[in-house]
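Presented below is the structure to which this report refers.
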Amino acid sequence: MVDQTELMTMSITKALDIYGWSHLDSVLLAALATQSPLLLVGPHGTAKSLLVEKMAGALNLQMRHYNASLLNYDDLVGIPLPDEAGESLRFVPTPGSIWDAGFVFFDEISRCRADLQNKLFPIIHERKIVGIPLENLQHRWAAMNPPAPEEMDNSTGAEYYLGSEPLDPALADRFPFVVPVPNWRGLSAEDRRHLLAWHGENPSNDTDLFEHVTGQPLQHMIDECRSLIPEIEAEFSEWLTDYIMYVMDLLDQAKLAQSPRRARMLARSVSAIHAARMILEHVERDDLEFSAQLALIYGLPQSATDSPPSQATIIATHRQAWEIASLSDGDDWRQILEETDPIQRILLAEQLGFAEHDLGRLITQALATEESDARQCGLATAIFLTFKDRHSLTPSAWEPLAKLAREVLEPRQMTTSITPGYLTNTWNEITDWCNSRSIKDNRYEKMIQNFVLCGFPDRWKNYKWQDVVEQFRTDLAQFGIKEGEY
């Protein structure tokens, strides 16, 4: 039995002899408390099945563990036989059928036949099979290996699962929690030592073991968490609505579009994870930010695809949505953050009279988020020319602007030797374009020509130079720099 000081760092996974998963404790407890489907994604040998078996044991629930890659529908429903009147079918249960299960685990779900995946929908989403409610079923969890990407890099030593396919998007969207699990590299030195010192699969009954370590049954924690969720939802309802709306829009911009169903799932998950953290970590009731971040990290169906989003992208989305939702409606910064175009943000900030250091911050953010170095150079030139005489930006903003703009604004004339076959066509196109233009005494067109020449050869290996030039003209125009006016 542990004392109250030890309960401050209580871990439900460590209490079940599962090490390296403690950062997921609040997510797992939230899924149990809401009886929400949960999908574990990770390599083989990472204790996905073991965790579920021990969870079911600690809850004293009848568990059915199905290998979805080998599953037949009869394995779920039993043996179909005609009734005595011969007018309909009845199902004769078998020891492995689903009817009396309290906890169902579909392992290898990404290797399941497509037709059978469709039949799992009502079990996972509605707790029904052949239209019949599964009265005893509480928890529906699943596991899969990460799907292999379309382009595999064998030089990295990465392990690919060629038989693991991305789930049907509609099926993946039935899992409110999609949880990437840690592999060996993700374990701390302490967790590795515990794992290697582990003796036996069941040193005691999982129910007794859990209560002995934590001082209370797992079901008691679940009930306590469940009772807190409606209170948190009611208290933070208005704020959560704002936050999730911004999250959805930002995810869409990041090409991680979500369904309306997912929006409601995420809002529910924030409250559930926060309730779990209040129980496990004793966080303050209004300390909601990290709970929201966890809900987003472990709540996107794209984490079960062959190109999962990076955690850095998800956290950046969360932070931006959190910042916007935390500001009052009339706040100038809220207007800025609600604007999705980085260039329009800069122009709006100048219009609103933002301080120089805030304007500089938006400029450096705009440059940093631009993936194309060719457009980055053109954008920096447009900003430099516009702001050089009317703003005193911070050095951290002026330095990248001046460095990039210098490439374009420094006069140049190029003569180069081209190896036959190596960018020959591109150079010939640029030469013909330069020869066809009259740029005498035209500063604007000289700048455009310099922009093209300074990008040869490296930039034009990756981008079509004519398209980038048009984008450069557009960016200049957005900052009020037009031909005949510069």
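The values are calculated or read from the model by the stated rules, or taken from the named source; none is laboratory data. In this text, all values refer to a predicted model and were calculated from it rather than measured experimentally. Note: ideal-geometry Cβ built from the backbone for every residue, glycine included; neighbour counts use all protein chains shown. To get the accessible areas, we keep the full protein, side chains included, count just its heavy atoms, and leave off ligands, DNA and RNA. Shrake-Rupley method; radii C 1.70, N 1.55, O 1.52, S 1.80 Å.
Quick one: work out the % antiparallel among DSSP beta bridges in the chain, nearest 5. Of all bridge pairs located within the chain, approximately 25 percent are antiparallel.
The gain in end-to-end length when the residue 264 to residue 390 segment is fully stretched comes to 40.7 nm, 0.36 nm per residue minus the alpha carbon separation. Where in the range 448-472 is the amide nitrogen less than 18 Å from a point lying 7 Å along the Cα-to-Cβ axis of residue 347? Correct set: 470-472.
The GluC sites (Glu not before Pro) of the range 54-127 that DSSP puts in a loop, and whose beta carbon has at most 16 other beta carbons within 10 Å, are 84, 87. Dipole of the chain computed with +1 at Lys/Arg Cβ and -1 at Asp/Glu Cβ about the Cα centre; of 381, 244, 102, farthest Cα towards the positive end is 381. For residue 221, the accessible area of its heavy atoms, probed at 1.4 Å with every protein chain present, is near 0 square angstrom. Placing dummy labels 7 Å off each Cα toward the beta-carbon, the span from residue 320 to residue 399 is 2.5 nm. Label sites at residue 126 and residue 406, each approximated as a point 7 angstrom past Cα along Cα to Cβ, lie 6.8 nm apart. Can you list the lysines whose alpha carbon is less than 24 Å from that of residue 54, not counting same-chain residues fewer than 8 positions off? Within reach: 14.
Grouping the Cα pair distances of the range 268-348 into 10 Å bins from zero gives a pair-distance distribution of 16, 35, 33, 14, 1 percent in increasing distance order. Less than 5 angstrom separates the built amide H of residue 129 from those of 134, all sequence-distant by 5 or more or on a different chain.
Ligands, DNA and RNA excluded, the heavy atoms of residue 160 present near 60 Å² of accessible surface to a 1.4 Å solvent probe. In this rough spin-label picture, where each label sits 7 Å from Cα along the Cβ direction, the residue 188-residue 310 distance is 2.6 nm.
Give the carbon-plus-sulfur fraction of the accessible surface of the chain in %, rounded to a whole number; probe 1.4 Å, heavy atoms of protein chains only.
Carbon plus sulfur share of accessible area: 49 percent.
Only lysines eight or more places from residue 440 in sequence, or on another chain, were considered; those with a Cα closer than 19 Å are 482. If R0 is 41 Å, the Cβ-Cβ spacing of residue 332 and residue 458 corresponds to a FRET efficiency of close to 0.55.
If you add up the charges near residue 330, with Lys and Arg at +1 and Asp and Glu at -1, over every other residue whose beta carbon is less than 15 angstrom from its beta carbon, what do you get? Net charge around residue 330: -4. For residue 388, the aspartates and glutamates whose Cα comes closer than 13 Å to its Cα, not counting residues fewer than 8 places off in the same chain, are 356, 399.
The slack between residue 443 and residue 373, meaning 0.36 nm per residue of separation minus the straight C-alpha distance, is 22.9 nm.
Based on C-alpha pairs under 8 angstrom that are at least 6 apart in sequence, the chain has a relative contact order of 15 percent. Against the empirical curve 2.2 N^0.38 Å, the C-alpha radius of gyration of the range 429-486 lands at a ratio of 1.13.
Take the Cβ atoms of residue 89 and residue 252, set R0 to 51 Å, and the FRET efficiency comes out at 0.65. Three principal axis extents describe the C-alpha atoms of the range 41-171; from largest down they are 65, 34, 22 Å.
Taking 0.36 nm per residue of sequence separation and removing the Cα-Cα distance, the residue 358/residue 60 pair yields an extension gain of 101.6 nm. Accessible area per residue for the chain, computed on protein heavy atoms with a 1.4 Å probe, is 50 Å².
Here the chain is described by how far its Cα atoms reach on the three principal axes: 96, 52, 52 Å, from widest to narrowest.
For residue 161, nonlocal amide neighbours, meaning residues 5 or more places apart or on other chains whose placed amide H falls under 5 Å from its own, are 148.
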